[in-house]
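Following: one structure in structure tokens, then a few remarks.
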Amino acid sequence: MCGIVAYSGSRPALPVLLSGLKRLEYRGYDSAGVAVATPTDITIRKAKGKVSELVNLLSEESSLESSTTGIAHTRWATHGPPTQENAHPHAGGKNGIALVHNGIIENHRALRDKLKADGYTFLSETDTEVLAHLVDSLYQGNLTEAVIAALKEVEGTFGIAAMAHAEPGTLVVARRGSPIVLGLGEKETIVASDASAIIKHTRQAIYLDDNDIATINGSDLDIRTLDSGTVTREASEIDWSSDAAEKGGYEHYMLKEIFEQPEAISNSIRGRLDHERGSALLSGLNLTPRELAELHRVLIVGCGTSMNAGLVGEYAVEDFAGVLAEVEQAAEFRYRNPIVNPSDLVVAISQSGETADTLAAVREAIDKGALVSGLVNTVGSTIARETGRGVYLHAGPEISVASTKAFTSQVSVLLMMALKFARSRRMSREAGLQMVREIEAIPALVQQVLDQNDAIAKVAERYLDQTSAFFIGRGYMYPVALEGALKLKEISYIHAEGYHAAELKHGPIALLEASVPVIALCNDGPGKDKTLGNVAECQARDSRVLGIVTKGDREAIATVDDFIEVPACPLHTAVVPSTVALQLLSYHIARLKGCPIDQPRNLAKSVTVE
Ligand code: M6R
């Protein structure tokens, strides 16, 4: 949640800060602000709304253009509503301190009371202003020392960037539970909470670890931990291009990312299928043959779309490998004290690798002695680093808040995982080779759905005016129904729920009427006949039914009112093209309704609070 950019170097800071904020706007977009060093003080400017509001505000301020040091922030509100006052940066009272912060200071109330008693006045409702005043109260001419002392007093999570008027050119940045990356340039350092804000300037990056604090002046860096002296952190190369994070001619990032799926999935599976053994490689899992053979259970944790992908993984691991598998909402996993054995593999799925609930589940599983693996898209993210047995998705940066290519890449990797586990147990080489071919075919299946984009847009026109919709499916198509409903509600604001097709008549069917359509996954395979029976039940209650049907399936086409065809393939791979059809449906409904597709209300791309 929220985005941080900071700059110290020899160039004007503002253009770097503002272009970085634009890049990070998907992380939070209810207000934005900058602080830049001027010869006489630190100037802070903030605006409610999108980064463009801040840009307008600054367009009149030529006096700030020569500044070469600054910090900036785009906010997703946690403490206090999205107002100009609550926007970051916040100033520390007496010593000319400015600070931006991602995360949550949990003991902010107690600290606020103490600082008030010491004479500090608060202008905002935020926990961040508490931190700014706390740093200020501990400042004795050395910003690094003041930040270290302040961070020792706070409980909670933070990624911060701070500057002090008395130390021109210096930035102090730190992290605990909220990412900070340092982009290393020529005589300059660009700091950000996400590498997408720095790739325009450099590909050399240092990812700070939890409790690291860095003092930066131009390209001079000193990194230490909150408890000890200087430490060495190796730089790594960011391997995705700046172009990959641009819209590339599409109207929205979501559409671009939907269309990127054949390539993203190809990248996820490239080099990971073993044509000789009929298996998957996935060396990142780092499991010995014995650990694989002794695997007792696979526990999959994630949130939102990642959890829906996990459900496909659960089905596939049990189906093919005969290993017990369960998927669980990550926050629930952490707090209900689950039973976890050393022979259990916990697979944490996360596009961002920063989701707080998923990270907490990872830590719980590590503490309980399980084997813990991360299935993550964002390289260098916290979950990727903490799990140690990471399998990267390689789907490329996903900017739109609605997750699309991450889901289909997650499913593809989970199918490979199921294949690997299956081959270490009861699956024959021949059956393994067959599954290898099925997985390899996924990108082409997706392309066949993308080729129907115009037709799907036409179908969407018939589903614009509804305020409520149900998605139903069975077996592998049940997670697809959940994901289809999630996509529709988050970007079009139409109330949508996903149900197992059999569950509808246990309650939800009471809501069906002519104004409530049903989107039914009727793919050919086991369970289709029963789903078609459920379709008839819906139609008997006047609901219009849009069927996702297997290409050329006359029986299904004749049953439903409208249809989108997906190519014929086994149900475990049909998950992917069927989901893509629903992504396009949601996209076109939201577009036709004029919704802000890439940045839906109330949401943020990376949910780093519990
Ligand atoms: O980054 P993660 O995969 O951990 O994010 C989990 C969810 O917040 C995310 O999938 C969310 O549900 C998406 N907005 C759905 O499109």
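All of the numbers you see were taken from the coordinates with simple rules; none came from a lab. The model shown is predicted, which means the values in this text are computed figures rather than measured ones. Cβ coordinates were reconstructed from backbone atoms using ideal geometry, including for glycine residues, and neighbour counts include every protein chain displayed.
Values as computed for the structure displayed
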quantity: The range 75-162 shape via C-alpha gyration tensor axes, a/c threshold 1.5; calculated: rounded
quantity: Cα gyration tensor, the range 207-354 - rounded (a/c under 1.5), prolate or oblate; calculated: oblate
quantity: Rounded to 5, percent antiparallel among DSSP beta bridges of the chain; calculated: 60
quantity: Residues with amide H under 5 Å from that of ARG474, placed H, sequence gap 5 or more; calculated: ALA501
quantity: Positive-end residue of ILE105, SER428, MET417, charge dipole of the chain with Cβ unit charges; calculated: SER428
quantity: Kirkwood hydrodynamic radius (C-alpha pairs) into Stokes-Einstein, the range 1-139, 10 °C and 1.306 mPa s, D in µm²/s; calculated: 106
quantity: Projected area, mean over directions - the range 327-409, Cα convex hull, nm²; calculated: 5.2
quantity: Cα convex hull of the range 3-238 - mean projected area over all directions, nm²; calculated: 11.0
quantity: Cα gyration tensor shape for the range 466-530, rounded if a/c is under 1.5, else prolate or oblate; calculated: oblate
quantity: Computed [θ] at 222 nm, helices only, for the chain once each DSSP H run of length n ≥ 4 contributes -39500 (n - 2.57); calculated: -11000 deg cm²/dmol
quantity: Over 21 Å between alpha carbons, listed pairs LYS48/LYS605; LYS50/LYS116; LYS22/LYS605; LYS50/LYS247; calculated: LYS50/LYS116
quantity: Globularity index of the chain, i.e. its alpha-carbon radius of gyration over 2.2 N^0.38 Å; calculated: 1.01
quantity: Kirkwood hydrodynamic radius of the range 245-440, Cα pairs, Å; calculated: 16.6
quantity: Theoretical FRET efficiency, 1/(1+(r/R0)^6), r = Cβ-Cβ of ARG277 and GLU125, R0 45 Å, to 0.05; calculated: 0.15
quantity: Relative contact order [Cα under 8 Å, 6+ residues apart], the range 1-136, whole percent; calculated: 27
quantity: Ranked LYS368, LYS94, criterion: other C-beta atoms within 10 Å, fewest first; calculated: LYS94, LYS368
quantity: Percent RCO, i.e. relative contact order, over the range 245-356, from Cα pairs under 8 Å lying at least 6 residues apart; calculated: 25
quantity: Gain in span if fully extended, SER63 to ARG425, counting 0.36 nm per residue against the direct Cα distance; calculated: 123.4 nm
quantity: For the range 409-553, alpha-carbon Rg relative to the globular expectation (2.2 N^0.38 Å, N residues); calculated: 1.18
quantity: Net charge over other residues, Cβ less than 15 angstrom from the Cβ of LEU324 (K, R count +1; D, E count -1); calculated: -4
quantity: Lysine pairs with alpha-carbon atoms under 21 Å apart, the range 450-595, spacing 8 or more or separate chains; calculated: 10
quantity: Span-rule helices in the chain, defined as complete DSSP H runs reaching 20 Å or more along the axis (Cα) with Kyte mean at least 0.0; calculated: 405-423, 477-492, 571-592
